[in-house]
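The values are calculated or read from the model by the stated rules, or taken from the named source; none is laboratory data. For clarity, every value in this text was computed on a predicted model and none was experimentally measured. Positions of Cβ are generated from backbone atoms using ideal geometry, with glycine treated the same way; all protein chains shown enter the neighbour counts. Accessible surface is based on the protein model in full, side chains and every heavy atom, while ligands, DNA and RNA are left aside. Shrake-Rupley method; radii C 1.70, N 1.55, O 1.52, S 1.80 Å.
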Amino acid sequence: MATMPHRNKARHDSQNAPTFPDQSTPIEVIDMHTGGEPLRIITSGYPAIPGEDILAKRRYARDHLDHLRRFLMFEPRGHYDMYGAILVEPSLPEADLAVLFIHNEGYSTMCGHAILALGRYAIDYGLVKAVEPVTPVNIECPCGLVRAEVEVTNGKTGKVRFSSVPSFMFASDLALCLPDGRAFKTDIGYGGAFYAILDAGQFDMAITPDNVGRLTALSEQICKAVNGSITLSHPDHDDLAFLYGAILTDGRDAFSPEPTRNICVFAKNQVDRSPTGSGVSARLAIQHAKGLIKPGQTRQFESVIRSGFEGSVADVTNCGPHAAIIASVSGQAHYSGKASFWYEDGDDVGQGFIVR
């Protein structure tokens, strides 16, 4: 059956003690993953989130309901690299649904792997009526309206493609230094969120599971160097102007039929198991700005675990003063389970914790 956000009054604010769901009124979720990257979709039991637009709702959730983010994302119900989606009332007339994204640090502005999963979910759970062979699903995100297209065959949803918000190269070939003095160059790209994007070969590192620990530590240093040197801005809203993470690549930016691999480390050193939909959009914007890919050319992008997305430049546009593209990104999401979560009085550990 269709599941929509509850409309009851929010149960606490920043001046009151946090309230957790009990066994009679649990928070219910459906878990999916896209290319190995988890998505916990909150289907019922979450307090209503007021706000005249999606960014106001994001601020309200951050300021008044953050204990529930930790409750659902952290142990013992989640883990350090968990990711979630809260469905809220849309404010854009074209939107079929609206979503806030949550992770180990807070609330992101765009998430491509979540869009690919939510496209299927919206049809399978009756939020959008299925139309074969392709059903459009418009999803309002903090970064703007993202248009997804879901393949439907004999009533079954499958592969999903989305068209990004305008994505652009913010800065090119910035020369910076890590705290230990090592020099490097990085681009800054926006694909619904800002990333430092650079070739890991500058540090003699390959994008492999064995190197995840070293790549994560390196990404943290890169983000510190960028934040200490660069002031980001976005033409639409100041809430979008922050560095979400670093994407370390194999350096294969020029168009090729062979895949290019990257690892995205975002939020508080959280590692994306997928190629990262917003990151692929940002990479495509940089590649297009540098003349390395043309509209209509489809590129294969791989994650650190070799799961894949397809990406292409669907159109060219502008975003304020920036030459921009509309990226097209596709992939396959899968269901992994469902659960009901509640809190038992006296279980302080059960409010949520992380160990790294």
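Annotations for the structure displayed:
- Partners of K290 within straight-line reach, counting aspartates and glutamates whose Cα lies under 18 Å from its Cα and excluding those fewer than 8 residues away in the same chain: D173, D187, D199, D250, D253, D315.
- Helix 212-227 axis, angle to the chain major axis (alpha carbon atoms, nearest 10°): 80 degrees
- Region 196-288 - percent of accessible surface contributed by carbon and sulfur, probe 1.4 Å: 45 percent
- Each of the peptides 52-60, 316-324 was scored by the mean count of other Cβ atoms within 10 Å over its residues; in descending order, highest first, they stand as 52-60, 316-324.
- Gaussian network model of the chain, Cα within-10 Å springs - most flexible of G337, G311, G36: G337
- With respect to the chain, whose longest principal axis is taken over its alpha-carbon atoms, helix 54-64 is tilted by about 60°.
- Remark: for residue pairs K57/K294; K129/K159; K268/K294; K156/K294; K224/K294, the C-alpha separation exceeds 27 Å in K57/K294; K268/K294; K156/K294; K224/K294.
- Using alpha-carbon coordinates, inclination of helix 112-124 to the longest axis of the chain, degrees: 40 degrees
- Averaged per residue, the chain has 41 square angstrom of accessible surface, using a 1.4 angstrom probe with ligands and nucleic acids left out.
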